[in-house]
1. Once the other residues with Cβ under 11 Å from the Cβ of residue 38 are scored (Lys, Arg +1; Asp, Glu -1), what is the net sum?
2. Solvent-accessible area of residue 296, probe 1.4 Å, all protein chains present, reported in Å² to the nearest ten, please.
3. Give the accessible area for residue 265 in Å² (nearest 10); use a 1.4 Å probe, count only protein heavy atoms, and leave out ligands, DNA and RNA.
4. As a test question: what accessible area, to the nearest 10 Å², does residue 72 have when a 1.4 Å probe is rolled over all protein chains in place?
5. Under the rule of at least 5 residues apart or a separate chain, name every residue whose amide H is placed under 5 Å from the amide H of residue 139.
Amino acid sequence: MPNLAKTKGRVSPPGPRVGLALGGGAARGWAHLGVLEVLDEIGVRPDVLCGTSIGALVGGVYLAGFSSELEFWARRLTKLRMIRYMDVKLAGRGIIGGSRLFAEMERHVGDIQIEDLPTTFASVATDLNTGHEVWLRQGRLTTAIRASFAIPGFFEPIMVDGRWLIDGALVNPVPVSVCRALGAQLVIAVRLESNNPGTTVQMDAPPAPKARRRRGASPAIPAAPGVLGVMMSTVNIVQDRVTRSRLVADPPDVTITAKVGDIGLLEFNRAPELIQHGRAAVNRAKSEILDLLARHNIPAVARAHEPAAGQETAPR
């Protein structure tokens, strides 16, 4: 993983800059940990890294040098532990305050500033009042991550520079365009596949068993979803539709697709298998990635990085 102390201030080698876009997908984003592990193993390091929602969390923590700690914590999560982290609020701007969860993140990451990261980094969020896409490129890393991961109705919006910010997946779920705008000529995108955009699983109960029905009988009526299920499924449907249109308009050079659609958006306790899905996704795309780098004379070795700077709002 990158070492902040050793890589700060180094300059990227000549040639096309490589960007990595990590997409949103709530719990499914643990797959990004496996993706980054294999990319490191094959010697692929981005010059630009942009993340949305859980992609911003994993990507930012990775660049800060704490991905091993994050993976250790994620692998130990159970449903009960996750519920304990979610400080439910009966009043406020979100059902989940998130203070316990993000206090755990801050305990490891501390007060690291985005400008001090060894690689150009942007966290994508959404302005709650205008709907504009916001790129967070300076200031406290944990604040930028928390804003990008503020799932509407679930976590509270985050105030940054006078704007209430929420989950960036509403406007740019897989930030390929941000990577290009920040100077990446080649972009590798990581998409968290959603087989069924309405699929979500409650944290406090196992999935309902499939009802048996007699031949010729009417299909069984599915159980009514809970409040969290409705909110997460709504976000998932919107994200899926926006992802499709944005990737058609600005396709990446390589897409790594993690096949995680059968895992619910709230199943944070399934990190071990999600990480394996991420590793498998890179292995499937490995030859395509290495061919892309070879065509542009980019060696597949540990690459140098540039520090990030500035905060921008995406151009309209």
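1. 0
2. 70 Å²
3. Surface open to solvent at residue 265 totals about 10 Å².
4. It works out to around 130 Å².
5. Result for residue 139 returns 114, 115.
The values are calculated or read from the model by the stated rules, or taken from the named source; none is laboratory data. Note that the coordinates shown come from a computational prediction; the quantities given were computed from them, not determined experimentally. Methodologically, a virtual Cβ is constructed for each residue, glycine included, from the backbone with ideal geometry; neighbour enumeration extends over all protein chains shown. Surface accessibility is based on the protein's heavy atoms, side chains included, excluding ligands, DNA and RNA. Shrake-Rupley method; radii C 1.70, N 1.55, O 1.52, S 1.80 Å.
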